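For reference, the structure discussed in these notes is given below.
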Amino acid sequence: MRRRFLTFWVNRREHIGNRLRNGAKNRYFRCPACRAVQAVPIGRGQTKIVCRRCGEIFLRRT
Ligand SMILES: [Zn+2]
């Protein structure tokens, strides 16, 4: 029982560590037209973002 509890914590700690190493996969930008938050996968350089709510297209660096 105690062993199972420990492995749970070890797995959890590794999971968080992986996340820190890889970095976040998304960045969040606010649409300039309607203020809706758009999640954008991190790429390289400038990315064209299309707002899902109002269809506004804007450019951001990720
Ligand atoms: Zn919008």
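Some notes on this structure:
- Distant-in-sequence amide H partners of GLN38 (H built 1.01 Å from N, under 5 Å): PHE29, ARG30, CYS31
- Of PHE5, HIS15, CYS54, farthest towards positive along the dipole that unit charges on Lys, Arg, Asp, Glu beta carbons give the chain: PHE5
- Only Lys, Arg (+1) and Asp, Glu (-1) charged, at Cβ; the chain dipole about Cα centre in debye: 260 debye
- Structure remark: mean-square fluctuation, Gaussian network model of the chain, C-alpha springs under 10 Å; the largest value among ARG27, ARG13, ARG52 belongs to ARG13.
- Amide hydrogen neighbours beyond the local backbone of THR47, cut-off 5 Å, H modeled: ARG60, ARG61, THR62
- Based on DSSP H segments of at least four residues, each scored -39500 (n - 2.57), the chain has a per-residue ellipticity at 222 nm of -11500 deg cm²/dmol.
Quick note: the coordinates plus some simple rules give every number you see, no bench work behind them. Computed from a predicted model, the values in this text were never measured in an experiment. As a convention, Cβ positions derive from the backbone with ideal geometry for all residues, glycine included, and neighbour counts pool all protein chains shown.
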